[in-house]
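*Asks:* Sending over a structure as structure tokens; questions will come in a sec.
The values are calculated or read from the model by the stated rules, or taken from the named source; none is laboratory data. The structure presented is a predicted model; accordingly, all values stated were derived computationally and were not measured. Because the Cβ atoms are built from the backbone with ideal geometry, glycine has one as well, and the counts that use them run over all protein chains shown.
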Amino acid sequence: MSDQIEDREEQTLPDPFVISSDEMLMRRILCDPKHYKKGVVLDAAFMPRKPNVEKGTDQDADGISLHRKAFLSPEAFRDCCLDIRLRASIGVAELPYQLFVELKLTVVPDQVIPDPPERPGHVAIKEITSAFYKLDPDSQEYREIRGWAIDLAKACINLPIIPSK
């Protein structure tokens, strides 16, 4: 993975705090029947993770995570911060940043860049958070989040499955 990150470092990287309109964003998709079925990404792939009360963690409190392709190759993205046992069952979906703009979703780049960067190009979608699980299923906000998840899933139907090495 470090070779892939180093290759990107040799290029001129974009501003980490400003996303250009032609950028592509990536999301890791677990290739199981809940997230991916018969070549189609399902809306569950774009829903936030539920908070883990036992561990006291809430990974999607600030929004679901994606990464900017300008900072990381799809292979490096699949492999970073991921248990090696999961890599064979992970695909990487790419979506144009412009789609998020059209859906009126706010893409927020990390405001602090760690040194060395553990997750270069990480962004969060601030409207799709784990607070979803506290919403009334009949509420407009609940239906809106479900609609966004469906729209995002439809936009990445051709999910490339990247075999692990």
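*Asks:* Suppose we keep only residues that are basic (Lys, Arg) and over 21 Å from MET24 (Cα atoms) within segment 124-151. Which one would you say is surrounded by the most Cβ atoms within 10 Å (Cβ to Cβ)?
*Replies:* Top of the filtered list is ARG146.
*Asks:* Any residue in segment 139-161 that is at pLDDT 95 or above and part of a loop (DSSP other than H, G, I, E, B)?
*Replies:* Among the residues of segment 139-161, at least one is at pLDDT 95 or above and part of a loop (DSSP other than H, G, I, E, B), which makes the answer yes.
*Asks:* Acidic (Asp, Glu), within 21 Å of ASP15 (Cα to Cα) and touching a residue at least 60 places away in the same chain (Cβ under 8 Å): is that true of GLU127 in this structure?
*Replies:* no
*Asks:* Counting only residues that are assigned to a strand (DSSP E or B) and closer than 18 Å to ILE145 by Cα, how many does segment 97-113 have?
*Replies:* 2
*Asks:* Given the options GLU94, GLU9, name the one that is at pLDDT below 85 and outside any loop (DSSP other than H, G, I, E, B).
*Replies:* GLU9
*Asks:* Please indicate, with yes or no, whether at least one residue in segment 68-82 is modelled with pLDDT of 90 or more, part of a strand (DSSP E or B) and in contact with a Lys or Arg (Cβ under 9 Å, 6 or more places away or on another chain).
*Replies:* Checked segment 68-82: no residue is modelled with pLDDT of 90 or more, part of a strand (DSSP E or B) and in contact with a Lys or Arg (Cβ under 9 Å, 6 or more places away or on another chain).
Table: residues versus (1) crowded, with 16+ Cβ neighbours inside 10 Å; (2) over 30 Å from THR12 (Cα atoms); (3) touching a helix residue (DSSP H, G or I) at 6+ places or on another chain (Cβ under 9 Å).
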residue: TYR36; (1), (2), (3): yes, yes, yes
residue: VAL40; (1), (2), (3): no, yes, yes
residue: ALA45; (1), (2), (3): yes, yes, yes
residue: ILE84; (1), (2), (3): no, no, no
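*Asks:* Looking at (1) surrounded by 19 or more Cβ atoms within 10 Å (Cβ to Cβ); (2) out of contact with any Phe, Trp or Tyr (no Cβ under 9 Å at 6 or more places or on another chain); (3) under 23 Å from TRP148 (Cβ atoms), which is the only condition LYS69 fails?
*Replies:* (2)
*Asks:* Same structure again: Given the structure, is ILE128 more than 19 Å from ALA61 (Cα to Cα), modelled with pLDDT of 95 or more and either hydrophobic (A, V, I, L, M, F, W, C) or in a loop (DSSP other than H, G, I, E, B) (or both)?
*Replies:* no
*Asks:* So, one more: List the pairs whose first member sits in segment 55-66 and is more than 15 Å from PRO109 (Cα to Cα), whose second member is among the charged types (D, E, K, R), and whose Cβ atoms are under 7 Å apart, counting only residues at least 6 apart or on separate chains?
*Replies:* Matching pairs, first to second residue: GLN59/ARG49.
*Asks:* Could I ask something else about it? Look at ASP60 and say whether it is more than 24 Å from TYR142 (Cα to Cα), of a type outside the set (Phe, Trp, Tyr) and not in a strand (DSSP E or B).
*Replies:* So ASP60 does not fit the description; no.
*Asks:* Quickly run through segment 15-54 and pick out the residues that are in a strand (DSSP E or B) and in contact (Cβ under 8 Å) with a residue 12 or more places away in the chain.
*Replies:* Of everything in segment 15-54, those that are in a strand (DSSP E or B) and in contact (Cβ under 8 Å) with a residue 12 or more places away in the chain turn out to be MET24, LEU25, MET26, ARG27, ARG28, ILE29, LEU30, TYR36, VAL40, VAL41.
*Asks:* Give just the number: which of (1) of a type in the set (S, T, N, Q); (2) within 25 Å of GLU23 (Cβ to Cβ); (3) over 13 Å from the mean Cα position of the chain (by Cα) does SER130 not satisfy?
*Replies:* Looking at each condition in turn, SER130 falls short on (2).
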